[in-house]
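**Student:** Shown below is the structure under consideration.
The values are calculated or read from the model by the stated rules, or taken from the named source; none is laboratory data. These figures come from a predicted structure and were not determined experimentally. Cβ: placed from backbone, ideal geometry, glycine included. Neighbour counts: every protein chain shown. When the accessible area is computed, the model is the full protein with side chains, heavy atoms only, and any ligands, DNA or RNA have been set aside. Shrake-Rupley method; radii C 1.70, N 1.55, O 1.52, S 1.80 Å.
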Amino acid sequence: MRRLSAIALLVGTMAGLLAGLALRLTGAEAAADIVWAVVTGVSLVPAAGWVVSALRSGRMGVDAIAVLALAGALAVGEYLAGALIGVMLATGRALEEHALRRARHDLTALYERAPHSARRYENGVPDLVPVEQVRPGDLLLVPSGEMVPVDGAVVGDLALLDESALTGESVPVEYAAGEGVRSGVVNAGAAFDMRATRTAADSAYAGVVRLARQTETDSAPVVRLADRFASWFLPVTLLLAAAAWLLSGQPVRAVAVLVVATPCPLLLAAPAAIASGLSRTARHGVVVKGGGALERLGQARTLILDKTGTLTAGRPQVIDVVAAPGVRTDDVLRLAAAVDQMSSHVLAAAIVDAARARGAELPQPAEIQERPGTGTTGVVDGHRIEVGKATTSSPSDWERIQRARAALDGAMTVWVTLDGRAAGVILLRDAIRADAARTLRRLRAAGIERVVMLTGDRAEVAESVGVVLGIDRVLAEQTPAAKVEAVRREATGAVTVMVGDGINDAPALAAADVGVAMGARGSAASTQAADVVLTTDRLDRLADAMDVARRSRRIAVQSAATGMALSLLAMVAAAAGALPPAAGALLQEGIDIAVILNALRALRPTRGTRPPMDSATESLLRRFEMEHSSLRPTLELIRETADELGRIPPTASLDRLREVQAFLTERLLPHERAEEQRLYPAMGQVLGGPEVVMTMSRAHAEIERLVRRLGSHLALIEAGGPRPEQLDDLRACLYGLYAVLILHFDQEEEAYFSLAAGSSA
């Protein structure tokens with residue numbers, strides 16, 4: 001309705017202005033003045049309404065100057081100037097509606113494309129039904145190109161999904177049978193079946209829709225600042241107009257001052273820029289609940305982060321498998337995973353994932369029994385396997401060593417017994433996100449001056465994460481109440497952003513100047529309490545949102561300040577008699593249109609703190625990232641072989657050494673050489689020159705040297721296995737190679753692979 005009214009006012013005033021000009025050209029000057037007077041009077045009515053509306057909300061906007069200018073034009077008979085002001089006001093309103101409509105387009109699209117129907121199987125045949133009728137447990141068909149209607153799990157074949165509407169990532173993601181999929185994503189592959197796990201109202205996309213509906217371009221501080229400009233701009237205008245009249249004795253000069261001091265659309269430039277920023281953040285997979293939140297995000301100087309699920313992945317991962325003397329590491333993991341594949345425990349899922357990543361074939365267990373709080377037992381290949389907590393009251397020296405190591409590493413332990421004897425221990429830890437360190441560096445570059453980590457976890461675990469990521473202050477073992485108090489303390493010194501994902505983070509998110517929820521897997525409580533929601537499980541989206549927020553605020557302030565300055569210059573010229581009312585109206589029209597168009601620059605994409613990346617380089621990054629994922633599990637073979645030297649027969653040691661050498665020469669070195677030849681030159685261009693990749697190249701040289709040294713040892717070893725005098729150097733070579741590779745892989749994943757917009761966090 002507002003849009004139609006703005007268009008109608010623009011068409012009417014423009015038609016009246018042109019009609020008057022036509023009459024003037026034909027010599028009917030009196031008729032032309034009448035038409036222009038009517039246009040002026042018609043424009044005065046809505047302008048007066050805007051002033052009354054502003055006064056009711058406690059503001060005195062510069063629309064009041066427009067009313068004075070229109071009334072003054074009528075009073076002194078400057079009807080053409082009045083008509084021009086009317087056209088200017090109408091143009092400004094129309095531009096505002098267009099700007100806000102365009103800026104809200106991406107947010108509106110989120111809920112306009114919500115799924116309305118689903119293909120539910122009825123008697124084995126898919127039948128189209130309203131999405132509201134789908135219930136958990138229903139079997140659904142998702143044809144190619146159609147949207148996933150509700151949250152569910154893939155049944156049968158692999159699903160290839162385009163998640164760009166929710167996450168902003170353009171690369172389709174594969175989901176295997178049994179994996180959960182979210183509503184609102186599009187099937188980019190062949191048709192697949194899925195089992196509904198939630199109703200449409202409770203599904204992920206419905207949550208995003210609710211968030212989008214909450215997003216309004218409210219009166220952000222920068223917009224209220226523009227209104228405060230009016231508190232001094234209006235008196236200055238009236239004083240200047242009065243002085244021009246009194247000193248010259250010509251009331252037309254006062255009218256000219258009022259005409260050029262009519263920046264009605266000027267104050268619309270700030271909300272237009274903020275609304276444009278909301279649009280840009282939506283494209284990055286970030287929902288900001290209003291212009292105020294976006295403006296505060298752009299002013300932030302302190303960043304507070306929860307640890308679990310924010311700086312870390314939020315789910316445990318296997319970091320090591322230690323076999324007891326006489327047992328192979330691969331057997332420990334394979335047997336544990338065989339039993340745990342029947343368990344729903346989060347640690348069991350991590351163990352199964354690790355075994356499958358290493359290519360293990362899991363046999364089917366029998367006699368499975370799961371004891372809550374203790375673990376799972378079963379029979380695998382004729383052996384009784386127990387997986388879970390340690391139950392022995394008199395641990396061996398080996399077990400005590402492993403417990404001490406787990407305590408030092410801050411790792412969780414899952415013990416594996418084989419026919420009643422300890423076979424090994426699996427160490428798990430919540431790994432730091434691959435993109436966490438780079439994101440923090442980007443946020444510091446964008447203006448964050450202080451980073452604090454709040455967590456309820458143990459101090460030694462929190463400190464280890466803080467050291468790796470360069471956190472300024474670590475507060476561990478914090479209760480929800482203590483988190484709120486810490487946030488309030490930080491907020492007294494600077495605009496503070498709090499990022500979290502759990503239910504216990506919700507109070508702290510509400511206490512911060514800007515609360516940010518990791519909404520992809522976060523709790524409903526944290527999502528409701530937050531001002532900003534990241535709809536994808538990637539921390540770097542926060543850096544993207546802050547880039548947009550700072551740029552939008554900068555453009556909004558720039559537009560307001562520039563428009564005011566130009567108006568003041570024009571007012572001085574009008575007071576001196578150098579600018580008659582009609583010409584002043586045309587000049588002010590140009591000023592207002594210019595600042596509105598400038599505000600719309602916030603709609604355009606910007607690089608911000610993210611390095612520029614072409615599609616070819618992104619493809620390279622994803623290729624080598626996938627190769628890392630396939631190579632990393634086998635790196636454990638190097639350390640395990642070093643551990644076993646001297647403990648197993650020499651001939652068995654020789655077999656393991658040959659297996660390691662084959663892996664290094666046939667798989668690892670070709671990967672490293674391809675990185676050197678293809679990836680590093682591309683990254684040098686992205687990051688600013690070849691020097692930035694020299695340390696990585698030096699690591700490649702060290703890896704090559706150690707592999708050649710290992711090959712030289714193997715050339716000297718006879719059929720009976722390594723000689724005793726070779727063992728120390730072989731261990732040093734293997735341990736050194738393992739350490740260099742682990743560090744090198746971590747560095748590449750943080751420095752390079754985290755740059756790819758579609759890489760996994």
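**Student:** Do the conditions hold for GLY378, that is, is it farther than 30 Å from GLU627 by Cα, within 38 Å of the chain's Cα centre (by Cα) and crowded, with 20+ Cβ neighbours inside 10 Å?
**Tutor:** Considered against the rule, which asks whether it is farther than 30 Å from GLU627 by Cα, within 38 Å of the chain's Cα centre (by Cα) and crowded, with 20+ Cβ neighbours inside 10 Å, GLY378 comes out as no.
**Student:** What residue, among those in segment 446-459 that are modelled with pLDDT of 85 or more and not in a loop (DSSP other than H, G, I, E, B), is surrounded by the most Cβ atoms within 10 Å (Cβ to Cβ)?
**Tutor:** Taking the candidates together, the pick is LEU454.
**Student:** Sticking with this one: Does LEU587 fit the bill of being aliphatic (A, V, I, L, M), within 36 Å of the chain's Cα centre (by Cα) and at negative phi? Let's see the steps before the verdict.
**Tutor:** Numbers: aliphatic (A, V, I, L, M): yes; within 36 Å of the chain's Cα centre (by Cα): no; at negative phi: yes.
No; evaluated as a whole, the condition is false for this residue.
**Student:** Which condition breaks for THR217 when tested against (1) open to solvent by 50 Å² or more (accessible area, probe 1.4 Å); (2) at pLDDT below 80; (3) out of contact with any strand residue (DSSP E or B) (no Cβ under 9 Å at 6 or more places or on another chain)?
**Tutor:** So THR217 meets the others, but not (1).
**Student:** Taking the condition more than 30 Å from ARG405 (Cβ to Cβ), modelled with pLDDT under 85 and surrounded by fewer than 21 Cβ atoms within 10 Å (Cβ to Cβ), does ALA486 pass? Outline the logic, then answer.
**Tutor:** Values: more than 30 Å from ARG405 (Cβ to Cβ): yes; modelled with pLDDT under 85: no; surrounded by fewer than 21 Cβ atoms within 10 Å (Cβ to Cβ): yes.
Against the criterion (more than 30 Å from ARG405 (Cβ to Cβ), modelled with pLDDT under 85 and surrounded by fewer than 21 Cβ atoms within 10 Å (Cβ to Cβ)), ALA486 does not qualify.
**Student:** Condition test on ALA423, is it in a strand (DSSP E or B) and more than 39 Å from the chain's Cα centre (by Cα)?
**Tutor:** Considered against the rule, which asks whether it is in a strand (DSSP E or B) and more than 39 Å from the chain's Cα centre (by Cα), ALA423 comes out as yes.
**Student:** If only one of GLU666, GLU636 is open to solvent by 70 Å² or more (accessible area, probe 1.4 Å) and part of a helix (DSSP H, G or I), which one is it?
**Tutor:** GLU666
**Student:** Which count do you get for residues in segment 423-436 that are open to solvent by 10 Å² or more (accessible area, probe 1.4 Å) and out of contact with any Ser or Thr (no Cβ under 7 Å at 6 or more places or on another chain)?
**Tutor:** 1
**Student:** Checking the conditions here, which among GLU675, GLU659 is within 28 Å of THR617 (Cβ to Cβ) and either of a type in the set (Asp, Glu) or outside any helix (DSSP H, G or I) (or both)?
**Tutor:** GLU675
**Student:** For ALA313, indicate whether it is surrounded by 24 or more Cβ atoms within 10 Å (Cβ to Cβ) and at pLDDT below 85. Steps first, answer last, please.
**Tutor:** On the way: surrounded by 24 or more Cβ atoms within 10 Å (Cβ to Cβ): no; at pLDDT below 85: yes.
Against the criterion (surrounded by 24 or more Cβ atoms within 10 Å (Cβ to Cβ) and at pLDDT below 85), ALA313 does not qualify.
**Student:** Still on this structure, I have one more. From the set of residues in segment 316-328 that are within 37 Å of the chain's Cα centre (by Cα) and not hydrophobic (A, V, I, L, M, F, W, C), which is surrounded by the most Cβ atoms within 10 Å (Cβ to Cβ)?
**Tutor:** If we take residues in segment 316-328 being within 37 Å of the chain's Cα centre (by Cα) and not hydrophobic (A, V, I, L, M, F, W, C), then PRO316 is surrounded by the most Cβ atoms within 10 Å (Cβ to Cβ).
**Student:** Filter segment 567-580 down to the residues that are surrounded by fewer than 20 Cβ atoms within 10 Å (Cβ to Cβ) and either aliphatic (A, V, I, L, M) or assigned to a helix (DSSP H, G or I) (or both) and list them by number.
**Tutor:** LEU568, LEU569, VAL572, ALA573, ALA576, ALA578
**Student:** Mind counting the residues in segment 717-760 that are open to solvent by 30 Å² or more (accessible area, probe 1.4 Å), modelled with pLDDT of 85 or more, closer than 19 Å to GLY646 by Cα and among the small types (Gly, Ala, Ser)?
**Tutor:** The number of residues fulfilling the criteria is 1.
**Student:** Related question: Restricting to segment 640-656, name every residue that is under 25 Å from LEU427 (Cβ atoms), touching a residue at least 60 places away in the same chain (Cβ under 8 Å) and open to solvent by less than 30 Å² (accessible area, probe 1.4 Å).
**Tutor:** Answer for segment 640-656, where residues must be under 25 Å from LEU427 (Cβ atoms), touching a residue at least 60 places away in the same chain (Cβ under 8 Å) and open to solvent by less than 30 Å² (accessible area, probe 1.4 Å): GLU640, THR641, ALA642, LEU645, SER653.
**Student:** Is there any pair linking a residue in segment 182-207 that is within 10 Å of VAL150 (Cα to Cα) to one that is basic (Lys, Arg), with Cβ under 6 Å and at least six apart or on different chains, and which?
**Tutor:** ALA204/ARG182
**Student:** Taking only pairs six or more apart or across chains, which ones have beta-carbon atoms under 8 Å, a first residue in segment 116-135 that is in a strand (DSSP E or B), and a second residue that is among the polar types (S, T, N, Q) and surrounded by 11 or more Cβ atoms within 10 Å (Cβ to Cβ)?
**Tutor:** ALA118/GLN133; ARG120/GLN133; LEU128/SER117; VAL129/SER117; PRO130/SER117
**Student:** Given ALA583, ALA602, which one is open to solvent by less than 10 Å² (accessible area, probe 1.4 Å) and in a helix (DSSP H, G or I)?
**Tutor:** On inspection, the qualifying residue turns out to be ALA602.
**Student:** On to the next question. Name the pairs: first residue in segment 312-339 and in contact (Cβ under 8 Å) with a residue 60 or more places away in the chain, second residue aromatic (Phe, Trp, Tyr), Cβ to Cβ under 9 Å, at least 6 apart or on different chains?
**Tutor:** So the pair list comes out as VAL322/TRP398; ALA324/TRP398; PRO325/TRP398.
**Student:** Give just the number: which of (1) under 30 Å from VAL451 (Cα atoms); (2) surrounded by fewer than 24 Cβ atoms within 10 Å (Cβ to Cβ); (3) modelled with pLDDT under 80 does MET564 not satisfy?
**Tutor:** Failed condition: (1).
**Student:** Among all residue pairs at least 6 apart or on different chains, which show Cβ distances below 7 Å where the first residue, located in segment 416-437, is within 11 Å of ALA390 (Cα to Cα) and the second is open to solvent by less than 30 Å² (accessible area, probe 1.4 Å) and among the acidic types (Asp, Glu)?
**Tutor:** ALA422/GLU399
**Student:** Filter segment 324-350 for residues that are in contact with a strand residue (DSSP E or B) (Cβ under 6 Å, 6 or more places away or on another chain), of a type in the set (Val, Ile, Thr) and assigned to a helix (DSSP H, G or I) and give the result.
**Tutor:** Selection gives THR329, VAL332, VAL339.
**Student:** For segment 460-481, which residues satisfy the criterion of being surrounded by fewer than 14 Cβ atoms within 10 Å (Cβ to Cβ) and part of a helix (DSSP H, G or I)?
**Tutor:** GLU460, VAL467, ALA481
**Student:** Looking at GLY156, is it open to solvent by 30 Å² or more (accessible area, probe 1.4 Å), farther than 30 Å from GLU295 by Cα, modelled with pLDDT under 90 and out of contact with any Pro (no Cβ under 6 Å at 6 or more places or on another chain)? Give the steps one after another, and end with the answer.
**Tutor:** Working: open to solvent by 30 Å² or more (accessible area, probe 1.4 Å): yes; farther than 30 Å from GLU295 by Cα: yes; modelled with pLDDT under 90: yes; out of contact with any Pro (no Cβ under 6 Å at 6 or more places or on another chain): yes.
In short, yes.
Conditions tested, residue by residue: (1) among the acidic types (Asp, Glu); (2) open to solvent by less than 60 Å² (accessible area, probe 1.4 Å).
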residue: ASP330; (1), (2): yes, no
residue: ALA336; (1), (2): no, yes
residue: ALA350; (1), (2): no, yes
residue: ASP353; (1), (2): yes, no
residue: ARG371; (1), (2): no, no
residue: GLU386; (1), (2): yes, no
residue: GLN402; (1), (2): no, yes
residue: ALA406; (1), (2): no, yes
